[in-house]
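The values are calculated or read from the model by the stated rules, or taken from the named source; none is laboratory data. The structure presented is a predicted model; accordingly, all values stated were derived computationally and were not measured. Here Cβ is always computed from backbone atoms with ideal geometry, including for glycine, and neighbour counts include all displayed protein chains. Accessible surface is based on the protein model in full, side chains and every heavy atom, while ligands, DNA and RNA are left aside. Shrake-Rupley method; radii C 1.70, N 1.55, O 1.52, S 1.80 Å.
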Amino acid sequence: MKPFLSLVGLLLLLGPNALAQVPALKIVYADYFPIGVAVHPRMMEPGAEAELIKTQFNSLTAENVMKMGPIQPEEGKFAWENADKIVAFAQANQQKLRGHTLCWHQQTPKWFFTKNDKTVSKKELLKRLKTHIFAVAGRYKGKIYAWDVVNEAVPDTGIALYRETPFFKIIGEEYIEKAFEFAHQADPKALLFYNDYSTENPAKREKIYQLLKRLVDKKVPIHGIGLQGHYNLKNPSAAALEESITKFAALGLQVQITELDVSVYDWEEKEKKPLTPDLAAKQAQHYRMLFEVFRKHHDKITGVTFWNLSDRSSWLDNFPVKGRKDYPLLFDEQGKPKPAFWEVVKF
Ligand code: GLA
């Protein structure tokens, strides 16, 4: 067969969309940073979602199944199956894998903090934390390149530096450094992150900075800060985002955007709205600005991860307002690129 004919044949075989290729985020950003996505085990089954994950992204994070409760629902009983599926998928497709999360006060079962209906002692809780971290980080040693070790330890308001979580109340502030030390012992090569939201709020940024500085000054094994990046159409400004990136990086830490999405709503906005072309265009401009900042600081940023794959479903559906559908991602409910996608890939 002549080469020309075979090319025509190939195009016929691929169908009418073969020429209108959608660029891949992971390729467009290959010289900047890996592009990740938070996934659910059901997305690992063959199908359109798995294909989108493979073609667009070169890093994965388990949305829920590696959290303390899902992975150790009862003391000493580990539920590995779902997490293993995600690990196997990442390995089979040569994708990086971030671990999320080893120590967090939410989605953590009650048993963790109690014994015979009484609050556990500091010694016992440290032992449980160590056992948990050794089991989880130990199992995935060499397969997970970075862990969110402690999640959301700083309060949103007030002057206190530490959130009043059961970990803080029972152990004191040292639970944070202990979690990092345990993680480092369990997997000495993994990069260890502190992860939080509202990192562009000036007061919270300052508190997080103080927390990180204490850890760095004490030579606690911490390598990076995760800016969750749960944003909306108004926040953050480019200047506020740049300030967070440069301030944290000045401590010698890597910066990653770990849970990126841009809600079309203000946090508790009650009015439900469809994604009109006008709203989609506003969202696209916000994404464009965010990625301009990320690219500008790619010497400090070592990863950008989206919190969910497409608008088909995300944690922002029905949350925090019941019955409210959100459209926070780059792909629509059918997995097709939205205007925001095109603004992120065109530069
Ligand atoms: C926080 C956590 C994530 C996830 C989101 C909501 O940002 O870090 O694991 O629970 O809330 O999906």
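Mind running the shape call on segment 110-216? Use the C-alpha gyration tensor, a ≥ b ≥ c as the square roots of the eigenvalues: rounded below 1.5 for a/c, prolate if a/b tops b/c, oblate otherwise.
Oblate, because a/c is 1.5 or more while a/b does not exceed b/c.
Tell me, what is the per residue accessible area of segment 195-301 in Å², probe radius 1.4 Å?
Using a 1.4 Å probe on heavy atoms only, each residue of segment 195-301 averages 42 Å².
Over the chain, calculate the relative contact order: mean separation of alpha carbon pairs under 8 Å at least 6 apart, over the residue count, as a percent.
Contact order relative to length: 15 percent.
I need to check one value: relative contact order of segment 194-337, counting alpha carbon pairs closer than 8 Å and at least 6 residues apart, in percent.
It rounds to 23 percent for segment 194-337.
What does the charge count near GLY303 come to, summing +1 for each Lys or Arg and -1 for each Asp or Glu among other residues with Cβ under 10 Å from its Cβ?
So the environment of GLY303 carries a net charge of +2.
Pick from ASP266, ASP187, ASP84 the residue whose mean-square fluctuation is largest in a GNM of the chain, springs joining Cα atoms under 10 Å.
Top of the fluctuation ranking is ASP266.
Could you give each residue of segment 225-231 its phi-based ³J(HN,Hα) in whole Hz, using Karplus coefficients 6.51, -1.76, 1.60 with θ = phi - 60°, and x for Gly or Pro?
Each residue's phi maps through the Karplus curve to give 10, x, 8, 4, x, 7, 10 Hz.
If a/c stays under 1.5 just call it rounded; otherwise compare a/b with b/c (prolate if a/b is bigger, oblate if not). Do that for segment 116-163, with a ≥ b ≥ c from the square roots of the Cα gyration tensor eigenvalues.
Note, shape of segment 116-163 comes out oblate.
If amide H atoms are built 1.01 Å from N in the plane of the peptide, which residues on other chains or at least 5 residues away come under 5 Å of the amide H of ASP332?
Those qualifying (amide H under 5 Å, at least 5 residues apart or on another chain) are ASP311, LYS338.
Which listed residue (ILE53, PRO73, ALA137) has the Cα farthest towards the positive end of the charge dipole for the chain, taking +1 on Lys and Arg C-beta and -1 on Asp and Glu C-beta about the Cα centre?
The listed residue farthest towards the positive side: ALA137.
Can you tally the net charge around ALA83? Count Lys and Arg as +1, Asp and Glu as -1, for every other residue whose Cβ sits under 13 Å from the Cβ of ALA83.
Counting the neighbours of ALA83, the net charge comes to +2.
If you plug each phi of segment 306-311 into the Karplus form 6.51 cos²θ - 1.76 cosθ + 1.60 with θ = phi - 60°, what whole-Hz ³J(HN,Hα) values come out, in order, with x for Gly and Pro?
Result, rounded to whole Hz: 7, 8, 3, 8, 8, 5.
Could you list the square roots of 5 times each eigenvalue of the Cα gyration tensor of segment 60-134, that is, the equivalent ellipsoid semi-axes, sorted largest first and rounded to whole Å?
The equivalent ellipsoid of segment 60-134 has semi-axes of 28, 11, 10 Å.
With Cβ to Cβ distances under 9 Å as the rule, what net charge do the other residues near PHE248 carry (K, R +1; D, E -1)?
Counting the neighbours of PHE248, the net charge comes to +3.
Expressed as a whole percentage, what fraction of the accessible surface of the chain belongs to carbon and sulfur atoms when a 1.4 Å probe is rolled over the protein heavy atoms?
55
Using the Karplus curve 6.51 cos²θ - 1.76 cosθ + 1.60 with θ = phi - 60°, work out ³J(HN,Hα) for each residue of segment 151-167 in order, rounded to whole Hz, and write x for Gly and Pro.
10, 6, 8, 10, x, 6, 10, x, 9, 5, 7, 10, 5, 7, 8, x, 4
Once amide H atoms are placed 1.01 Å from N in the peptide plane, what residues at a sequence separation of 5 or more from GLN254, or on another chain, have their amide H within under 5 Å of its amide H?
For GLN254, whose amide H was placed from the backbone, the distant partners under 5 Å are GLY224, ILE225.
Taking only complete DSSP H runs, can you tell me which helices of the chain stretch 20 Å or more along their own long axis by Cα positions and average at least -0.5 on the Kyte-Doolittle scale?
Long hydrophobic helices here: 122-139.
Measuring from centroid to centroid over Cα atoms, what is the spacing of segment 254-276 and segment 159-217 in Å?
25
Using modelled amide H (1.01 Å from N, peptide plane; none on Pro or chain starts), what sits under 5 Å from the amide H of LEU191, excluding residues fewer than 5 places away?
The list, which skips near neighbours in sequence, is ALA146, TRP147.
Return one whole number: the accessible area per residue of segment 9-143 in Å², for a 1.4 Å probe.
Accessible area per residue: 51 Å².
How far apart, in nm, are the 7 Å Cα→Cβ label points at ALA238 and ALA92?
Here the modelled spin labels are 4.3 nm apart.
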